[in-house]
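The values are calculated or read from the model by the stated rules, or taken from the named source; none is laboratory data. Since we're looking at a predicted model, the values are computed, not measured. FYI the Cβ positions are ideal-geometry reconstructions off the backbone, even for glycines, and counts take in every protein chain you see.
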Amino acid sequence: MAAVLDTPITTNDQGIDRVLSAGLPVLLVAAGGALKRRVQNVLQKIAKAQAGKLLIVKLDLDENPESARRYHLGGPAVLSFKGGVEVARTEGLPSASALNDHLAFLLEGGPVPGTEPAPDAGGAPVEVSDGTFERDVLKSDIPVLVDFWAPWCGPCRMVAPVVEKLAAEYAGRLRVAKVNTDQNPRYASQYGVRGIPTLLLVKDGQIFDRLVGVQPEPVLREAVERALLS
């Protein structure tokens, strides 16, 4: 009989595939350096209480860059896996509430973590992370203008006033999403964003148009109108 693990596992680039294919759901905590003692205690309690039902796995991002790239981890996150496939993630430093949300999702059929209602298109750009991109952009019921930017980018600051103006003007018909590529590299990489600012118009989960660099307001407005009218 195989041993039942009742303590968190620490994995690495070489061992992560073996862990994910062990046949149990996996709650994976990815972070750089040591986890806070409170989070360590929560992980220990979950592992002991749910031994034989799921695996609690820790991954040090600083020491395992291959796994960080593979799973598009630009920073700390909590990830849920079933059958070796990622089914949910919560970006940011692990918290007890996030861990419990993932636990309820994996074992009790609870809601997918991070699926709270999307922010409405209230006339201002919405900050979107890798963890909320699918909800706020790909599953949006209205077209989305996605602004991939970074704080150090001068051209990004040049285009920002036009983006904000369009958000206000098309409120209720268009969502404007801003993605800081320094903090959220996953979808920037997935969609081949090689220079910023890059603006994508997404409609029904698909790329409708792509504009790279600082674009005049009429060009952006025309692209938005095409997305709304098509």
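Assorted remarks:
- Residue check, TYR170 of a type in the set (Phe, Trp, Tyr) and within 30 Å of ALA68 (Cα to Cα): no
- Of the criteria (1) assigned by TED's automatic domain parsing to the domain that holds LEU61; (2) at pLDDT 90 or above, which one CYS156 fails: (1)
- Filtering region 139-181 to residues that are farther than 16 Å from LEU199 by Cβ and in contact (Cβ under 8 Å) with a residue 40 or more places away in the chain leaves LYS139, ALA168, ALA171, GLY172, ARG173.
- Exclusive hit being farther than 29 Å from LEU79 by Cβ and touching a helix residue (DSSP H, G or I) at 6+ places or on another chain (Cβ under 8 Å), set LEU145, LEU174: LEU174
- Qualifying residue in region 5-21 (condition: under 26 Å from GLU134 (Cα atoms), loosely packed, with under 13 Cβ neighbours inside 10 Å and in contact with a helix residue (DSSP H, G or I) (Cβ under 9 Å, 6 or more places away or on another chain)): no
- Among the candidates ALA168, ALA124, residue that is in contact with a Gly (Cβ under 6 Å, 6 or more places away or on another chain) and more than 30 Å from THR10 (Cα to Cα): ALA168
- Of all residues in region 112-134 being at pLDDT 80 or above and of a type outside the set (A, V, I, L, M, F, W, C), the one that is farthest from VAL42 (Cα to Cα): PRO125
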